[in-house]
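I have placed the structure first, in the form of C-alpha cells, so that the comments after it can refer back to it.
The values are calculated or read from the model by the stated rules, or taken from the named source; none is laboratory data. A quick note: this is a predicted structure, and the numbers were derived from the prediction, not measured. Backbone-built Cβ (ideal geometry, glycine too); neighbour counts: all protein chains shown.
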Amino acid sequence: MAPVAILGAGVAGLCVATELVDRGVEVSLHDPAGGPGAHGCSWWAGGMLAPFCEYENAEEPVLINGQMALAWWADKTTVTRKGTLVVAQPRDRRDIARFAARTEGCEPLDANAIASLEPDLGTRFPAGLYFASEAHLNPRQALDDLTAALRKRGVSIQTDAPSKSAQIIDCRGLAASDTLPDLRGVRGEMAIIRSSDVTFSRPVRLLHARIPLYVVPRGDGVFMLGATMIESAARGAVTVRSALELLSAAYALNPAFGEAEILEFGTDLRPAFPDNLPRVIALDGVVHVNGLYRHGYLMAPALARQVAEMLAPTKEASHETCH
C-alpha cells in the first residue's frame, strides 16, 4: 500500500501512527508545531481512564471502547490503576444516587469508607462512589512516551508538508473544521497546583451543579484540576470565574489546598461533533479522525485501530466501529 502521512501529532495522530507502524505500514507524521505541547488540547487533558464515570453523560461507545483503552495505554506508558472516587458535599448528596443510576461498576461508600480510601478527605463527605476498575495516566508523559517509541521505530515528527503521493490521515482536531464544517469547539479550562499537605492516590470527582470538577494526582504533590465545558470556540486565558470554580473545588475537597502553589492555568478547545461522539470519516481521499470531545485518551486507541483495520486489515479484523 502507499505510504501513510498523518497530519497532527496530538493523541489521535500518535495513536494512529502507533497502530499503523505495529502493522508494518510506512508512516510519516506531520505537525507544524513540531510535536505535542501546550498548543494542543491533548496536553491539557485530565488523563482519567474513566469509562464508567464518563458514561454518566456519554453514549455506549465511550463505555465500551474506553474499557479497551485501559489495556492499550498500559502497554505504552505508566498507568495507575487505583480507581476513581466520586464524592459530593452534604447538600448535594442526592447527586450521588443520580450519578450511580446513570453509570455502571461502582461501589457505594459511606464517610468512613471514603476516609479509608483517601485519608486526606477525612469524613467530611457523607456518601460517595468508588469505581475500582478505572485508572489514570499523566497525559504529557503518555504523549512523550508515544513520540519516543515512534522515533525509535524511525518515525519522527516533521514540520513540512507530506508527499502528495501519500495516503493522508487528518488528525488535526479543530483545525480540520475547514473541511469538516460540523465540528465545533468546546472550551476547557484547567489548573495545575502543587501541595505538600495533601496526598491523593486516585482521581477524585466532586459532583457540582453546573460543571464536572475533578482533581487528578500527578505525583510529587502535583494535582491537575479540571475542567470547564463551555460551548465556545474562543481562545484566550482562563477566566476569573473558571479559576475561582476550579480552585474552590480543590478547597472544598480539602482546605489544605488553600496553601497550594498555582503552577499553571491552561485552556484548550476540544473538537466535537453535534452528538459528541468521534468519527472516522473518509472524504475526498482523506481519512479524518476527529471529534474526540472530552474523551481523547479513552477513544483515541479505538479510533486508531479502526483506521488500521481500514488500511491494513488483519485476519482477525473486528467489524465494530466507534460510531
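Key figures
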| quantity | calculated |
| --- | --- |
| Set Ala161, Ala175: member being outside the structural domain of Arg91 (by TED's automatic domain parsing), closer than 20 Å to Gly266 by Cα, of a type outside the set (D, E, K, R) and surrounded by fewer than 21 Cβ atoms within 10 Å (Cβ to Cβ) | Ala175 |
| Candidate set from region 10-24 (those that are part of a loop (DSSP other than H, G, I, E, B) and more than 18 Å from the chain's Cα centre (by Cα)); member that is surrounded by the fewest Cβ atoms within 10 Å (Cβ to Cβ) | Gly24 |
| Filter pass, Ala101 being surrounded by fewer than 17 Cβ atoms within 10 Å (Cβ to Cβ) and touching a Ser or Thr at 6+ places or on another chain (Cβ under 9 Å) | no |
| Boolean, Arg94 is among the basic types (Lys, Arg), farther than 17 Å from Ala175 by Cβ and in contact with a helix residue (DSSP H, G or I) (Cβ under 6 Å, 6 or more places away or on another chain) | no |
| Leu298 vs. criteria assigned to a strand (DSSP E or B) and either over 26 Å from Met68 (Cβ atoms) or modelled with pLDDT of 95 or more (or both) | no |
| Test for Thr123: is it surrounded by 17 or more Cβ atoms within 10 Å (Cβ to Cβ) and of a type in the set (S, T, N, Q) | no |
| Selection count, region 205-263, where residues are under 25 Å from Val86 (Cβ atoms), out of contact with any helix residue (DSSP H, G or I) (no Cβ under 8 Å at 6 or more places or on another chain) and either among the polar types (S, T, N, Q) or assigned by TED's automatic domain parsing to the domain that holds Ala38 (or both) | 2 |
| Ala38 being in contact with a Gly (Cβ under 9 Å, 6 or more places away or on another chain), in contact (Cβ under 8 Å) with a residue 40 or more places away in the chain, over 21 Å from Arg279 (Cβ atoms) and surrounded by fewer than 17 Cβ atoms within 10 Å (Cβ to Cβ) | yes |
| Where Lys76 falls short, out of the listed (1) in contact (Cβ under 8 Å) with a residue 40 or more places away in the chain; (2) crowded, with 18+ Cβ neighbours inside 10 Å | (2) |
